[in-house]
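Chemist: First the structure, then my questions, so here it is.
The values are calculated or read from the model by the stated rules, or taken from the named source; none is laboratory data. Predicted model, so just to flag it, every value in this text is computed and none were measured. With ideal geometry, Cβ positions are generated from the backbone for all residues, glycine too; neighbour counts draw on all protein chains shown.
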Amino acid sequence: MTGVKCLACGKELFASKVQFVCCGCANMTSLHGDTVSANNMSQVQLLQINKNVKKASLFSSDELKYQEARRNRKVRKMTFEER
């Protein structure tokens, strides 16, 4: 994900590899994937995005252990007698 800030209007733009975003002010700062364009590039500031941010888990440690044990269970086939 790439991020830039238009200093003319103060809007921050973020885009992934395939998105196209534009601020819409007179400077027309636009971001298409990793490509940044503007009428006046001196009014554009690149933002540093920390990709190594670890997200907080939604599950407690007990729930994670239960799910891990559940994933490791084997499937048993039931056999029936035919008469």
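Chemist: Taking the stated definitions as given, is residue 79 among the β-branched types (Val, Ile, Thr) and more than 19 Å from residue 2 (Cα to Cα)?
Modeler: yes
Chemist: What are the residues in the stretch 9-22 that are at pLDDT 90 or above, hydrophobic (A, V, I, L, M, F, W, C) and assigned to a loop (DSSP other than H, G, I, E, B), if any?
Modeler: 9
Chemist: Further, regarding this structure: Within the stretch 28-76, take every residue that is part of a loop (DSSP other than H, G, I, E, B), over 16 Å from residue 17 (Cα atoms) and of a type in the set (Val, Ile, Thr) and give me the one that is modelled with the lowest pLDDT.
Modeler: Within the stretch 28-76, the match that is modelled with the lowest pLDDT is 53.
Chemist: Kindly establish whether residue 14 is aromatic (Phe, Trp, Tyr) and surrounded by 11 or more Cβ atoms within 10 Å (Cβ to Cβ). Walk me through it before giving the result.
Modeler: Numbers: aromatic (Phe, Trp, Tyr): yes; surrounded by 11 or more Cβ atoms within 10 Å (Cβ to Cβ): yes.
So residue 14 passes the test.
Chemist: Quick test for you: out of 46, 7, pick the one residue that is touching a residue at least 12 places away in the same chain (Cβ under 8 Å) and within 23 Å of the chain's Cα centre (by Cα). Spell out how you get there, then give the answer.
Modeler: Values: 7 fails: within 23 Å of the chain's Cα centre (by Cα).
That would be 46, the only listed residue that is touching a residue at least 12 places away in the same chain (Cβ under 8 Å) and within 23 Å of the chain's Cα centre (by Cα).
Chemist: Looking at residue 69, is it surrounded by 11 or more Cβ atoms within 10 Å (Cβ to Cβ), small (Gly, Ala, Ser) and over 19 Å from the mean Cα position of the chain (by Cα)? Spell out the reasoning first.
Modeler: Working: surrounded by 11 or more Cβ atoms within 10 Å (Cβ to Cβ): no; small (Gly, Ala, Ser): yes; over 19 Å from the mean Cα position of the chain (by Cα): yes.
Spelling it out, it is not the case that residue 69 is surrounded by 11 or more Cβ atoms within 10 Å (Cβ to Cβ), small (Gly, Ala, Ser) and over 19 Å from the mean Cα position of the chain (by Cα).
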